[in-house]
Amino acid sequence: MRFDPPRPKSDDERILPLINVVFLLLIFFMLAGQLAATDPFDIEPPSSASESEPGAADIVVLIGADGRIGLEGAILDGAGLRAVLAARAGDGSRVPEVRVKADGRTPATRVVEVMELLREAGVRKLRLLTVPAE
């Protein structure tokens, strides 16, 4: 007696598991690619002669042309920004580094107001993001 496994009837039956794996990988990478938070409003940073790279930072605060404040995909007011920063600082042993990405049309007084809010929240290191001048 001989018990050999039955052979697939066609080549299509042998390729089907490979197709399933490819589609699962495709779905995985489509979902993984969408995990980055998007900005809640458009920002056009001012140009600068600075050539340094921004480096890694814990928090990026956005300031829109109309003065709105954005953080991690949400629009916040001053109190909300302080609350998020206080939660990030935790027990105060490590104050997060903050990058400020302001629109080039934002009034300078509004940028200074947000920087004061950050200082009051305990931020000691801040970088203002710009784009290279042409």
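The values are calculated or read from the model by the stated rules, or taken from the named source; none is laboratory data. Just so we're clear, the structure is a prediction, and the values are computed from it rather than from any experiment.
Which condition breaks for VAL60 when tested against (1) at pLDDT 80 or above; (2) over 15 Å from LYS125 (Cα atoms)?
(2)
Within 17 Å of the chain's Cα centre (by Cα), modelled with pLDDT of 85 or more and not β-branched (Val, Ile, Thr): does that describe ARG105? Before you say what the answer is, go through the steps one by one.
Working: within 17 Å of the chain's Cα centre (by Cα): no; modelled with pLDDT of 85 or more: yes; not β-branched (Val, Ile, Thr): yes.
In short, no.
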